[in-house]
Structure formats: structure tokens, C-alpha cells
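Structure record follows, encoded as C-alpha cells.
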Amino acid sequence: MLAQHRLSFLETIQLDRAIDNHRTEPDQKIPKIRLAVLASATVDHLAPSIRVAGLRRRLLFDLHVGPYGQYRQQLLEPESSLQRFNPQIVLFSLSARELVATVPVNATADEAETAVHRHAEGLRLLWQRAREAFRSTVVQQTFLNVADPLFGSYDRLAGGAPSRMIARLNERVAEAAREDGILLLDVARASERGGLDVWFDVTRWLQAKMEIAPQAAPLYGDLLVRVIAAQRGLAKKCLVLDLDNTLWGGVIGDDGLEGIVLGEGTGTGEAHLALQRYAKQLRDRGVILAVCSKNEPAAAEAAFRQHPEMLLKRSDFATFVANWDDKAANLRRIAEQLNIGMESLVFVDDNPAERARIRESLPMVAVPEMPADPAYYVRCLADAGYFESVAFTAEDSRRAEQYSANASRDAFLESSQTMDEFLKGLEMSVNFGPFQKVDLARIAQLIGKTNQFNPTTRRHSLDDVARFMAVDGSLTLQFRLVDRFGDNGLVSAMILLPDPSFSDVMEIDTWVMSCRVFGRQLEREAMNIAVDAARQMGVRTLRADYIPTPKNDVVSSLYPSLGFRPSQKVDFNGGSTTWVLHLSEYYPHSTYIARRPGAA
Amino acid sequence: MSEHEIVNKLTEILRDLLADDSIVLTMETRRPEVAGWDSFAYVNFIVAVETEFGVKFKVAEVESFENVGAIVRRIGAIYATR
């Protein structure tokens with residue numbers, strides 16, 4: 001219930017304290033994240049909201065709120081409380097007032113631009129400092145545009161108008177964030193949607209130097225945690241849609257193709273069309289679409305083929321479940337078919353009874369409380385932020401295509417008599433090579449999001465990955481799997497680091513593989529390739545850890561299956577195991593995957 | 001709403017905020033007399049009171065409320081004009 005309800009400021013404070021009182025034993029299952037908030041205004045009142053929002057996504061925060069306005073000293077002084085705290089995430093929550101105060105309103109556009117540029121460069125130094133000192137993820141809050149109109153509409157044209165300066169600063173900071181690979185917390189955009197009066201209350205500013213109003217604190221916490229959760233691969237992956245009275249008005253089985261309400265001409269028809277358009281946009285940015293509907297399958301499918309106003313096509317859905325079974329059972333089926341966790345699903349249904357049923361039986365599935373009026377469907381779905389993202393890669397834009405290719409593969413699998421016949425018939429090949437600069441964002445995304453095929457679950461940022469590439473004696477490998485049904489994309493990555501004590505030993509620090517290509521022998525061919533590359537570097541032994549998590553059981557016997565032997569070193573506490581492979585004992589596994597060395 | 005009712009409501013809000021059910025406010029209570037009612041908690045308290053009563057105090061008022069009674073009288077005065 002907590003996950004659905006928007007809390008007030010006071011409720012958040014109470015809840016935060018209640019949780020704190022009940023948490024006598026550290027909860028092992030929930031990872032605790034050290035987050036430092038460096039601010040030029042008062043932010044203490046945001047802390048309860050950040051912690052409560054974290055719990056909603058099963059993230060436990062240990063917060064460090066720096067003394068008001070002392071973020072520079074905190075970062076630079078070697079003995080500061082921030083240094084001792086050693087944050088994993090540093091959030092810069094700054095006001096644009098410092099910038100505005102330095103530029104006279106009669107400044108020319110060039111002068112204003114120079115000041116904006118200088119200010120942004122100053123921020124970049126802070127980001128860099130935070131990264132160097134702590135290897136932390138950096139989050140920069142955009143600047144609330146609290147400036148009052150000065151010239152009026154002409155503000156957008158006047159060089160030194162405060163509101164224009166803040167707008168320019170936000171643009172410049174966004175560019176710098178892209179270049180430097182840091183994360184943005186876009187409160188400026190949120191304040192345009194919710195209204196500046198919700199976000200900024202001048203009396204709180206005057207009384208306590210709060211730039212974010214207490215009323216906005218719960219929403220602020222939620223927005224921040226969405227970004228952090230997205231970076232950790234906890235965003236939702238699949239939108240499951242009901243059909244009748246959701247994707248169109250009316251009931252296809254009763255009203256027929258001509259009777260359902262969809263498309264231009266009526267407000268209701270356009271509202272349903274708007275939801276279809278939004279779903280299509282989500283699909284185009286990498287969200288998987290699925291249908292879960294109580295309907296005759298033939299009638300449901302025909303609606304997509306025959307209705308002239310239908311924007312979504314049958315082929316836009318990676319899986320299409322229309323039957324009379326219980327929806328909870330169908331959602332399980334959908335997750336299984338797509339090989340994703342139930343917690344990756346968002347279930348959109350106009351029927352309160354169906355929603356209640358899913359919430360009760362499958363609490364890990366996100367179920368937005370859809371408004372009674374379809375006009376607000378898109379707004380409700382969008383504002384919930386389920387599909388928050390911190391990157392948009394070529395893999396994302398091809399994902400839908402890849403899932404429909406999967407449907408063809410599944411059909412081929414069913415028509416194949418044996419697994420061997422299927423694998424052979426796929427005509428697979430693997431492109432591989434060291435990490436390529438252009439692919440780093442995808443590699444970081446894969447490392448951040450992969451929970452199943454991930455023996456160590458070490459989350460490395462883009463920075464970390466770039467650093468590993470530069471380590472002397474390290475080996476990085478990326479793999480792209482292609483078959484007769486299409487390109488599966490960059491689906492696996494491996495980072496091997498040299499042992500500090502033995503020059504002929506390497507450790508597999510990280511190995512991740514997308515669940516889309518499980519069962520295709522790629523892990524075997526990848527190991528063949530890794531062993532060849534390691535041999536060329538003079539390596540004689542590979543070492544690898546398996547650190548169990550609730551989600552990576554699929555790789556619990558990966559290393560023994562590839563020929564590794566258990567090492568003496570056993571960690572009895574966490575159940576971790578260490579595995580060793582002597583390369584002289586390794587014989588390549590036979591697979592149906594042809595090798596294509598070169599840029600993957 | 002009587003002054004008595006307003007005091008009770010303020011007591012309830014402060015108890016929730018500071019998680020201390022032993023707090024009893026009177027018209028004469030001053031901030032330093034209540035453990036934990038520091039300047040940070042005071043801002044949170046004002047936010048909660050404004051939300052709960054649907055009122056908005058002037059900055060100068062918030063800075064000059066000398067005791068609980070002053071807040072109660074101000075809320076009463078705002079209500080009287082409605």
C-alpha cells in the first residue's frame with residue numbers, strides 16, 4: 001500500500017521515525033546506500049522523504065547532510081565529516097542564486113553566457129572532485145527557476161534577466177552532465193509540471209533558507225530515488241496492458257469492432273488513443289509491451305488487425321495473453337515468457353477488482369491506481385515514474401524488435417525436434433573484442449541492470465568501467481550475438497583484472513549476460529574466447545567468485561559447468577564460493593556459435 | 001473553534017512531530033520548555049500547523065510568536081474573519 005500512496009510532509013517525518021525505531025537489527029536483504037547531500041540551502045527537511053522513498057523501492061539510505069552552504073569545504077578538506085562518511089552517491093542540491101547575484105541585469109547576452117559557462121565549469125570541478133575522492137556516483141539537481149519576472153515576456157530575450165540565466169544554466173548543466181556521465185535530478189522540470197508554488201515557498205526560504213518547500217519534500221524524495229533505482233537496474237521493464245476500457249473504450253466482445261471507442265472524433269476515443277501513443281513511445285525507448293486481457297483471443301487480435309484507428313500493432317507486443325484465466329496466473333506466464341522478474345512488471349487495468357486482485361496476490365507487481373476518467377490515464381502512468389532511465393542506448397531502441405525476433409525464435413524452437421537441431425538451425429555467430437568506447441554506455445547499463453547472469457553483482461559505473469580498461473594487464477571483452485532471426489545486440493560483457501601478487505593469474509571481476517540469450521551456449525563460447533585471450537597475455541590461471549544473491553541462482557553452478565574447480569578459499573558467512581581454472585587443463589567447449597573477432 | 005480546541009490540536013501536531021506523547025501544551029508554553037522543539041522542529045511544526053488549519057502566517061508572525069497562546073490567538077483571529 002505504501003508504494004501507491006502519496007504522503008504528506010508530516011506523515012513522512014512520522015513514518016521515517018517509526019521505521020528508524022523498528023530497525024534495531026540491520027536488514028540484510030536491503031542494501032544500504034551512503035548518500036551525501038551537498039547543498040547551498042537548507043535540505044535537512046528532505047532527509048526523511050529520501051529515506052521513506054528509498055524504502056518504497058527497497059533501498060535503505062544512510063544519509064549525510066552537509067552543513068548548510070559548506071559543500072566546497074566538505075569536498076576539499078581531507079578531514080571533513082564528508083570524507084569520513086565516504087559516500088557512494090553525492091547529490092549536489094544547489095541554488096541558482098549564487099550565479100544570479102554575480103551578473104547585473106543589464107549584462108549583455110555574451111556576458112551572461114560567460115557567467116553561466118563559468119558557473120557550470122565550477123560545478124564540473126566539484127563533480128570531478130567527488131568522483132576522485134570517493135569514486136561516487138554524482139547526481140546534480142537542476143536549478144529551480146525561482147526568479148520573478150523582471151521584464152515580463154521579454155525576460156527570455158534580455159541577456160541578464162535572472163530567469164533567463166537560470167534557464168541557460170540548466171541547459172548548460174544538462175550538456176555537461178551528458179559529457180561527464182553524471183546523473184540529473186530534474187526538479188526544474190518537475191516544478192513546471194506541478195507548479196512552482198508547490199516547490200518553492202518564499203516564506204520557507206525567508207524563515208529557514210529552504211529552497212525546496214517542505215510540501216514538495218515527499219515528491220522530491222521520490223524523484224531522487226527513481227533516478228538512483230534506475231541506475232541500479234531497479235526500474236520497471238515491461239508495461240502490461242488490459243484491452244477493454246483501457247486501450248479502447250467499450251468491450252470488444254460485446255460492442256464489436258464498430259462499437260469500441262477509439263481515435264479522433266470523440267474526446268474519449270482520443271484519450272484511449274493517447275494511451276496507445278504513450279505506450280508506443282515507451283516501446284520505442286525500450287520498454288517491453290505485453291497484453292493481459294480477459295477476452296476471446298481471436299476477437300482481441302482481430303481488433304489490432306482490423307480497427308482503422310488502432311495505433312498499436314499486434315507486433316508491438318512482445319507477448320499477447322487473451323484468455324479467461326485469472327490475471328495473476330497470466331502475469332506469471334508473461335514474466336516467464338519474457339524471462340524477466342515479476343517485479344519488472346507494471347500492470348495497467350481500468351478494473352479496480354482486477355487491480356486489487358493483483359496487488360493482493362502479486363505485491364511485487366506495480367499496479368497504478370488508474371483514474372476513473374481515461375483522460376488522465378497517460379498522466380497517471382507517466383507521473384508514477386516506473387520507467388525512469390539514466391541512459392538511452394542503441395540497444396534500448398532496438399529492444400522491441402529483438403523481442404519480436406524472439407517470438408520467431410520461439411516458433412522455430414517449437415518446430416525443432418531437438419535442442420541441437422534448434423541451436424544449429426539458429427546459425428549463430430558472436431562478434432567480440434575489447435570494450436569499445438562507443439559501447440561503454442551500453443556496457444555500464446548491462447552491468448547495472450543484470451541481476452540473473454551476474455555471478456558477483458558488482459555494480460560498476462561508466463567511470464569504473466573506463467578505469468578498468470586502463471588498468472595495466474586487464475582484459476575486457478564484449479560480446480554481440482547474431483543469428484538468422486536478427487542481431488541480439490551487445491548481450492554480454494566480461495572484466496578480468498590481473499592478480500596483484502601473481503603475474504600469471506587473472507580474476508573475473510565481472511561477467512554479465514542478458515537473460516534474452518540464456519540457453520544459447522554463449523557462456524561457453526565466451527569462456528573459450530576469454531581463455532584464448534588470457535593465454536595470449538601469458539596467464540595460466542583464472543579465478544572467479546560466485547556471490548549468491550536472491551536473483552543470481554541461475555549462475556550458481558556456472559563455473560563448475562565450464563570446468564573450474566573449487567578453490568580452497570571458502571566464505572562461510574555469505575555462501576560465496578571461489579573457483580579456479582588452470583588454463584593448461586582447459587579444452588574449448590564445442591558450441592554452435594561461429595566466431596567473428598573484431599569490433600563487436 | 002475555541003482556544004482550548006486549538007491548543008489541543010497544536011499539542012497533537014507537536015506530539016506527532018516529536019514522537020512524544022507526554023507533551024502537553026498550554027497557552028503559556030514557550031518553545032525552550034519543550035524538549036526537542038528546536039528551530040528546525042519549529043519550522044516543521046509551522047508547516048504542519050499551516051497545513052492542518054489551512055492558514056498561512058506572515059514571516060514576521062512566525063518570527064515573533066512568543067508562546068503557544070500567540071499562535072492560538074492568531075489562528076483564532078484568522079478564523080474569525082472567515
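The values are calculated or read from the model by the stated rules, or taken from the named source; none is laboratory data. What you see is a predicted model; the values in this text were computed from it and never measured. Note that we place each Cβ from the backbone using ideal geometry, even for glycine, and neighbour counts take in every protein chain shown. Ligands, DNA and RNA are stripped out before the accessible areas are found, and what is left, the full protein with its side chains, is counted by its heavy atoms. Shrake-Rupley method; radii C 1.70, N 1.55, O 1.52, S 1.80 Å.
Residue-level check: of (1) away from every other protein chain (no Cβ under 14 Å); (2) open to solvent by less than 80 Å² (accessible area, probe 1.4 Å); (3) in a helix (DSSP H, G or I), B:Met27 misses just (3).
Residues that are open to solvent by 40 Å² or more (accessible area, probe 1.4 Å) and farther than 21 Å from A:Val90 by Cβ within segment A:229-252 comprise A:Lys236, A:Lys237, A:Asn245, A:Val251, listed in sequence order. The condition (being among the aromatic types (Phe, Trp, Tyr) and surrounded by 19 or more Cβ atoms within 10 Å (Cβ to Cβ)) is satisfied by just one residue among A:Phe518, A:Phe479, A:Phe502: A:Phe479. Of all residues in segment A:461-498, those being under 23 Å from the mean Cα position of the chain (by Cα) and in a helix (DSSP H, G or I) number 7.
Enumerate the helices (runs of 4 or more DSSP H) found wholly within segment A:276-391, keeping only those where 1 or more residues are open to solvent by 60 Å² or more (accessible area, probe 1.4 Å) and farther than 30 Å from A:Leu184 by Cβ. Here the list reads A:297-306, A:327-338, A:352-361. Evaluation of A:Glu395 against the conditions (1) among the acidic types (Asp, Glu); (2) touching a strand residue (DSSP E or B) at 6+ places or on another chain (Cβ under 7 Å); (3) under 19 Å from A:Tyr278 (Cβ atoms) shows that the sole unmet condition is (3). Taking the residues in segment A:191-247 that are of a type in the set (Val, Ile, Thr) and in contact with a strand residue (DSSP E or B) (Cβ under 7 Å, 6 or more places away or on another chain) as candidates, determine which candidate is farthest from the other protein chains (Cβ to nearest Cβ). Per the stated criteria, the residue is A:Val240. Criterion first (assigned to a loop (DSSP other than H, G, I, E, B), in contact with a strand residue (DSSP E or B) (Cβ under 6 Å, 6 or more places away or on another chain), among the hydroxyl-bearing types (Ser, Thr, Tyr) and at negative phi) does A:Thr456 satisfy it? So A:Thr456 passes the test. Return a yes/no flag: does segment A:449-456 have any residue that is out of contact with any Ser or Thr (no Cβ under 7 Å at 6 or more places or on another chain) and aromatic (Phe, Trp, Tyr). Within segment A:449-456, one or more residues are out of contact with any Ser or Thr (no Cβ under 7 Å at 6 or more places or on another chain) and aromatic (Phe, Trp, Tyr). The selection criterion, being open to solvent by 70 Å² or more (accessible area, probe 1.4 Å), modelled with pLDDT under 95 and either in contact with a strand residue (DSSP E or B) (Cβ under 9 Å, 6 or more places away or on another chain) or assigned by TED's automatic domain parsing to the domain that holds A:Met364 (or both), does not hold for A:Arg58. Only a single item in (1) within 14 Å of another protein chain (Cβ to nearest Cβ); (2) of a type in the set (D, E, K, R); (3) open to solvent by 60 Å² or more (accessible area, probe 1.4 Å) is not met by B:Glu33, and it is number (1).
This table checks each residue for (1) more than 30 Å from A:Asn351 (Cβ to Cβ); (2) buried (at least 19 other Cβ atoms within 10 Å of the Cβ); (3) touching a Pro at 6+ places or on another chain (Cβ under 8 Å); (4) in the same structural domain as A:Glu343 (by TED's automatic domain parsing).
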{"position": "A:Arg178", "(1), (2), (3), (4)": "yes, no, no, no"}
{"position": "A:Tyr220", "(1), (2), (3), (4)": "yes, yes, no, no"}
{"position": "A:Val227", "(1), (2), (3), (4)": "yes, yes, no, no"}
{"position": "A:Glu264", "(1), (2), (3), (4)": "no, no, no, yes"}
{"position": "A:Ala274", "(1), (2), (3), (4)": "no, no, no, yes"}
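Residue count for segment A:562-578, restricted to those that are open to solvent by 80 Å² or more (accessible area, probe 1.4 Å) and either among the polar types (S, T, N, Q) or within 27 Å of A:Arg595 (Cβ to Cβ) (or both): 3.
Restricting B:Asp21, B:Asp16 to residues that are within 14 Å of chain A (Cβ to nearest Cβ) and in a loop (DSSP other than H, G, I, E, B) narrows the list to B:Asp21.
In summary, A:Gln207 fulfils each of the numbered conditions (1) crowded, with 21+ Cβ neighbours inside 10 Å; (2) at pLDDT below 95; (3) not hydroxyl-bearing (Ser, Thr, Tyr) with the single exception of condition (1). Here is the figure for segment A:42-100: residues that are within 14 Å of chain B (Cβ to nearest Cβ) and either closer than 23 Å to A:Gln128 by Cα or among the aliphatic types (A, V, I, L, M) (or both) total 6. Across segment A:537-560, the qualifying residues are those that are polar (S, T, N, Q) and at pLDDT below 95, and the one among them that is surrounded by the fewest Cβ atoms within 10 Å (Cβ to Cβ) is A:Ser557. Listed conditions (1) modelled with pLDDT of 95 or more; (2) outside the structural domain of A:Leu10 (by TED's automatic domain parsing) are all met by A:Leu257, apart from (1). The selection criterion, being acidic (Asp, Glu) and closer than 30 Å to A:Asn454 by Cβ, does not hold for A:Asp201.
Being of a type in the set (Lys, Arg) and in contact (Cβ under 8 Å) with a residue 12 or more places away in the chain holds for only one residue in A:Arg178, A:Arg164, A:Arg156, and it is A:Arg164. Scanning segment A:450-459 for residues that are at pLDDT below 90 and surrounded by fewer than 20 Cβ atoms within 10 Å (Cβ to Cβ) yields a total of 1.
For segment A:139-156, how many residues meet the condition of being of a type in the set (D, E, K, R), surrounded by 11 or more Cβ atoms within 10 Å (Cβ to Cβ) and within 30 Å of A:Ile50 (Cα to Cα)?
0
Yes or no, residue by residue, for (1) assigned to a loop (DSSP other than H, G, I, E, B); (2) free of Cβ contacts under 8 Å to residues at least 60 places away in the same chain; (3) assigned by TED's automatic domain parsing to the domain that holds A:Gln521:
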| site | (1), (2), (3) |
| --- | --- |
| A:Tyr403 | no, no, no |
| A:Arg409 | no, no, no |
| A:Lys424 | no, no, yes |
| A:Ile443 | no, yes, yes |
| A:Ile447 | no, no, yes |
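In segment A:189-202, the residues that are surrounded by fewer than 19 Cβ atoms within 10 Å (Cβ to Cβ) reach residues that are outside any helix (DSSP H, G or I) with C-beta atoms within less than 8 angstrom, at least six apart or across chains, in these pairs: A:Arg189/A:Thr142; A:Leu196/A:Leu144; A:Leu196/A:Asn145; A:Leu196/A:Val146; A:Val198/A:Ala213.
Scanning segment B:38-72 for residues that are assigned to a helix (DSSP H, G or I), within 12 Å of another protein chain (Cβ to nearest Cβ) and aromatic (Phe, Trp, Tyr) yields B:Phe40, B:Tyr42, B:Phe45.
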